[in-house]
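Here's the structure we're looking at; comments come further down.
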Amino acid sequence: MPTAKNEQYQGPERRERSVLKKLKKVNKKKKRDTDDHTSRANILFLELEEALSTFNSVKNTNVLINDIQNPTELMGNFMFTRDRPTIIADSVDILYQTSEGDGIGFVPKSMYASPFVEEGDDIFNKFTAVVVPKTIVGDKVKIKLNMHHQFYSEAVLLQVLNSNSRSTPRKDTLVVCQKFEECSGCQFQMLSYDKQLQLKRDTIVKAYRFFYPELLGELDQSEFGKVIGCENQYAYRTKLTPHYKVPRVIKNETLSIGLNHVNPTMQVVDLESCAIATPSINRALTITRKKIKEEVKNEPLEAQGRQRTILLRDGLRMNKETGEHTRACYGESSKVMTEKVEDFVFQFDPSSFFQNNNSILIPVLEYIKYHIGLGAKSYKYLVDTYCGVGFFGISLSKSIPKEGKVFGIELSERSINFATHNAMLNGLEVPKRMQFISGSADSMFKNEEFLNSGIKGKESIVIMDPSRKGSTESFMRQLLEFKPKLIIYVSCNVFTQARDLSLFNKLQEEGSISYRVRDVVGFDFFPQTKHVETVAVLELLD
Ligand SMILES: C[S@@+](CC[C@H](N)C(=O)[O-])C[C@H]1O[C@@H](n2cnc3c(N)ncnc32)[C@H](O)[C@@H]1O
């Protein structure tokens, strides 16, 4: 049962105007963005609606979304870390899983809120939706309520009450990292790998349910969104960016170097090693931490309190005498990284984008090659959009005939220079067989160099691999006009992928072009975490 533990708490009348000002600012940040339906805040809102519906069916009630809205005064009272009331909810059932990997439960407002709302605010039959990191559907938990937002409250997990029971899939003995409870890096170490893959599949299905529900009716539900697992479930991450804050001597602050705390009000979690990072990154982390701890004493006064981020990247190092490769860690100051995937070698500078888990890349390429293989004879060109340093274009170059061509576009000029360099490094003829240009994919199909290349949609495969925010209407319109035979959409944010493909579907319905989504699958690039990559394959029907 929730209990108000802070008897000294003075109530809303002592709040200053600054509270409301800050509240406005925080809410603006967390506010649902009506222009971008796939923003985190919007997705969480849709998830809260679904969670509420689960709550109603489990409890046989009819609580409405307005009944979980938090009054302004309540939000104001839970705003500041320093004098926030301590409210503990002793037993909350986790009923719903968010795509961020958190659990959602509900706490009756009548149990704790009356001292913190205005007189006359009716809190009877009203609930607070609590979003609790590191929890899973089936858990019964003891939590502390933190910051309140318009439709939910953040909460801190204090104890899982049913850890060893069959009512939860949780198996705490599986947790490898000592800092798992605090660190925001991983969400699922307490779950079997099969359960992790199932949750990721749920996220894929959810994304399409929210943004492209028609597709769910069209495809075979027993296969849709299946997630292909990764061979290495730990020690796979080839990039780590730990942070630290230069301590303030005057405040006697200690130095922590690591990843963000799961509770946003806490400082970064001090990590001596990271279980999902590769051994060479962990070796470098030990050395870097020691060095920073020594050097931080000499930081000038004005640097105190500043946030710093360290870049650690694992790559190949070649022994010039023996020609042998070993793995080593590189930092920001390194000039060039080298990676090998299948028979192809890639070079790039440490700050450029390159996939962070080598052990999943071969299954991804095999999957794409399989789909190219289904219609191999009809493809001559591969158009690699959002191509980075040329990973897909180069890795798939053998899937098209020798007289064909790979054409890539990428916003970052630095990456595109490496893409051209990588094509030559792998013995591929530039620009006859491989051509990479810098520019926005938004205007790709109107680009003069592209138009001059003679590439025709009817003999082309288009790979698109945008960043988390997904693609744009302008790109999708041009893609439709270009009319490639096969489209392979690789995504690190399935919500924007579903949105883009739904738009593509609407656009094609306006014309007479007809594409069919052949398949949507997930790949587990980041075991132990909430993340999932998806690949959607679309084919042009004759
Ligand atoms: C997820 S990465 C994929 C890179 C590459 N396909 C790979 O697998 O290594 C997305 C890439 O899209 C690029 N990008 C972002 N917006 C773009 C745009 N409007 N036009 C072209 N490239 C863009 C980014 O710089 C980044 O390199």
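The values are calculated or read from the model by the stated rules, or taken from the named source; none is laboratory data. Please read all numbers here as calculations on a predicted model, not as lab measurements. Cβ placement follows ideal geometry from the backbone for every residue including glycine, while neighbour counts extend to all protein chains displayed. These area figures cover heavy atoms from the full protein model, side chains too; ligands, DNA and RNA do not enter into them. Shrake-Rupley method; radii C 1.70, N 1.55, O 1.52, S 1.80 Å.
Please indicate, with yes or no, whether at least one residue in region 382-393 is more than 9 Å from the ligand (Cβ to nearest atom) and surrounded by fewer than 24 Cβ atoms within 10 Å (Cβ to Cβ). For region 382-393, residues more than 9 Å from the ligand (Cβ to nearest atom) and surrounded by fewer than 24 Cβ atoms within 10 Å (Cβ to Cβ): absent.
For Y370, the conditions (1) at pLDDT 95 or above; (2) within 16 Å of the ligand (Cβ to nearest atom); (3) outside any loop (DSSP other than H, G, I, E, B) all hold with the exception of (2). Kindly indicate whether S352 is more than 11 Å from the ligand (Cβ to nearest atom) and not in a strand (DSSP E or B). Spelling it out, it is not the case that S352 is more than 11 Å from the ligand (Cβ to nearest atom) and not in a strand (DSSP E or B). Inside region 453-499, residues that are more than 10 Å from the ligand (Cβ to nearest atom) and not in a loop (DSSP other than H, G, I, E, B) make up a count of 24.
For M424, the criteria (1) over 26 Å from D542 (Cα atoms); (2) away from the ligand (no atom under 16 Å from the Cβ); (3) open to solvent by less than 50 Å² (accessible area, probe 1.4 Å) hold in every case but one, which is (3).
Taken together, the residues in region 312-329 that are open to solvent by less than 30 Å² (accessible area, probe 1.4 Å) and more than 16 Å from the ligand (Cβ to nearest atom) amount to 3.
The listed residues are E339, E332, E294, and the only one of them that is acidic (D, E), at pLDDT 95 or above and either away from the ligand (no atom under 16 Å from the Cβ) or within 22 Å of D465 (Cα to Cα) (or both) turns out to be E339.
If the condition is being within 25 Å of S412 (Cα to Cα) and not hydrophobic (A, V, I, L, M, F, W, C), then region 318-341 contributes Y330, G331, E332, S333, S334, K335, T338, E339, K340. Going by the conditions given, is I94 open to solvent by less than 10 Å² (accessible area, probe 1.4 Å), touching a residue at least 12 places away in the same chain (Cβ under 8 Å) and in the same structural domain as R40 (by TED's automatic domain parsing)? Here the answer is yes, as I94 does meet what is asked.
Just one of the numbered conditions (1) over 21 Å from the mean Cα position of the chain (by Cα); (2) under 27 Å from N77 (Cβ atoms); (3) open to solvent by less than 20 Å² (accessible area, probe 1.4 Å) is not true of R170: (2). For beta carbons closer than 6 Å, sequence separation of 6+ or different chains, a first residue in region 444-468 that is more than 21 Å from L411 (Cβ to Cβ) and a second that is open to solvent by 70 Å² or more (accessible area, probe 1.4 Å) and away from the ligand (no atom under 16 Å from the Cβ), the qualifying pairs are G457/K483.
Counting only strands (runs of 3 or more DSSP E) wholly contained in region 376-440, the ones carrying 2 or more residues that are free of Cβ contacts under 8 Å to residues at least 40 places away in the same chain occupy 405-410, 434-438.
Here Q178, Q189 are screened, and the one residue that is outside any helix (DSSP H, G or I), within 18 Å of S273 (Cα to Cα) and in contact with a helix residue (DSSP H, G or I) (Cβ under 8 Å, 6 or more places away or on another chain) is Q189.
For G404, state whether it is more than 12 Å from the ligand (Cβ to nearest atom) and open to solvent by less than 10 Å² (accessible area, probe 1.4 Å). Yes, satisfied. Evaluating F418 against the criteria (1) within 12 Å of the ligand (Cβ to nearest atom); (2) within 13 Å of I368 (Cβ to Cβ) leaves one unmet condition, (2). Collect the residues in region 38-58 that are over 16 Å from the mean Cα position of the chain (by Cα) and open to solvent by 20 Å² or more (accessible area, probe 1.4 Å), keeping them in residue-number order. The answer is F45, L46, E49, E50, S53, T54, N56, S57, V58.
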